[in-house]
Amino acid sequence: MPTAEPRTRYGAVAQSFHWIIAALIVAQFVLGKIAMGLPLGMEKLILLARHKSIGMTILVLALLRLAWRAFHPAPPLPAEMTRTNRRAAQAMHATLYVLLFAMPLTGWLMSSAKNYSVSWFGVFTWPNLIGPDDTAFRALRETHHLLAELLLVVAIVHMLAALKHHFWDKDGVLLRMLPLWRRGT
C-alpha cells in the first residue's frame with residue numbers, strides 16, 4: 001500500500017483565514033490612523049465604528065482559525081531548518097495569535113469602559129464587558145495602542161522572515177501559504 005506524500009502546504013481554508021485576517025489588519029491600521037487624525041465628529045465616529053466592526057470580525061475569524069488549526073495542524077517545517085529558526089517561527093506564530101485576540105479584546109473592553117457600544121456593522125451590538133470606568137478606559141486605550149505598535153513590528157518581522165525564507169534560504173516556507181503556488185510551478 002503506497003504511503004501518502006507528506007503535506008507541505010497549508011490548505012485553502014487556512015490560507016483564506018491567513019490572507020483575510022492579514023487584509024483586515026491592514027484595514028485596521030489605516031482606519032485607526034485616519035480616525036486618530038480627525039477631530040471629534042461624525043466622520044471620526046463612523047470610522048471608529050467600522051474599526052470596531054472589523055476588529056470584532058478579526059476576533060471571530062481568529063477563534064475560527066484557531067479551531068481549524070486544532071484539527072488541521074500546520075504542515076511540517078523543512079527538515080533543514082535549524083532548531084533556533086523552528087523556535088523563532090513557533091514564537092512568532094504564538095505572538096501573532098495572542099495579538100489577534102488581545103487587540104480586539106482590549107478595544108472591546110476600552111469601548112465598554114467608556115460605555116460606547118460595539119456594533120457589528122449595525123447588524124447587532126456586542127454586550128459591554130465591563131461597566132463605565134475612566135481609569136480602566138485610559139489604561140485599556142494605552143494598552144490597545146501599545147499592542148497595535150507591537151503588532152505592526154511583529155507583522156513586519158513575520159513578512160521579512162517569509163521573504164528571507166523565500167529568497168535567501170530557498171526552502172519553500174513562503175510558498176506554503178501562497179494560494180496559487182503549486183509544486184513544480
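The values are calculated or read from the model by the stated rules, or taken from the named source; none is laboratory data. Only a predicted model underlies this, so the values are computations on that prediction, with no experimental measurement involved. Every residue, glycine as well, gets a Cβ built from its backbone with ideal geometry; the counts of neighbours run over all protein chains shown.
To keep it simple, each residue is scored yes or no on (1) surrounded by 15 or more Cβ atoms within 10 Å (Cβ to Cβ); (2) touching a residue at least 24 places away in the same chain (Cβ under 8 Å).
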{"site": "Met110", "(1), (2)": "yes, yes"}
{"site": "Tyr116", "(1), (2)": "yes, no"}
{"site": "Val123", "(1), (2)": "no, no"}
{"site": "Trp126", "(1), (2)": "yes, yes"}
{"site": "Pro132", "(1), (2)": "no, no"}
{"site": "Ala136", "(1), (2)": "yes, yes"}
{"site": "Ala139", "(1), (2)": "yes, no"}
{"site": "Thr143", "(1), (2)": "yes, yes"}
{"site": "Ala148", "(1), (2)": "yes, yes"}
Which residue, of Leu40, Leu48, Leu24, is outside any helix (DSSP H, G or I) and either free of Cβ contacts under 8 Å to residues at least 40 places away in the same chain or loosely packed, with under 14 Cβ neighbours inside 10 Å (or both)? Leu40
Kindly provide the set of residues from the stretch 119-140 that are of a type in the set (S, T, N, Q) and within 12 Å of Lys52 (Cα to Cα), ordered by number. Ser119, Thr125
Would you confirm, using the coordinates I've provided, whether Ala79 is part of a loop (DSSP other than H, G, I, E, B), of a type in the set (Gly, Ala, Ser) and either in contact with a strand residue (DSSP E or B) (Cβ under 8 Å, 6 or more places away or on another chain) or over 17 Å from Ser53 (Cα atoms) (or both)? yes
Can you pull out the residues in the stretch 32-52 that are under 17 Å from the mean Cα position of the chain (by Cα) and at pLDDT 95 or above? Arg50, His51, Lys52
Quick test of your reading of the structure: Pro78 fulfils all but one of (1) under 22 Å from the mean Cα position of the chain (by Cα); (2) more than 27 Å from Pro127 (Cβ to Cβ). Name the failing condition by number. (1)
Among the candidates His165, His145, which residue alone is farther than 26 Å from Asn115 by Cβ, assigned to a helix (DSSP H, G or I) and out of contact with any His (no Cβ under 7 Å at 6 or more places or on another chain)? His165
Which numbered condition trips up Thr106, out of (1) of a type in the set (Val, Ile, Thr); (2) within 14 Å of Leu59 (Cβ to Cβ); (3) exposed (fewer than 15 other Cβ atoms within 10 Å of the Cβ)? (3)
If we keep just the residues of the stretch 53-79 that are at pLDDT below 95 and in contact with a Pro (Cβ under 8 Å, 6 or more places away or on another chain), which is surrounded by the fewest Cβ atoms within 10 Å (Cβ to Cβ)? Pro76
Of the criteria (1) under 27 Å from Arg69 (Cβ atoms); (2) at pLDDT below 95, which one Ser117 fails: (1)
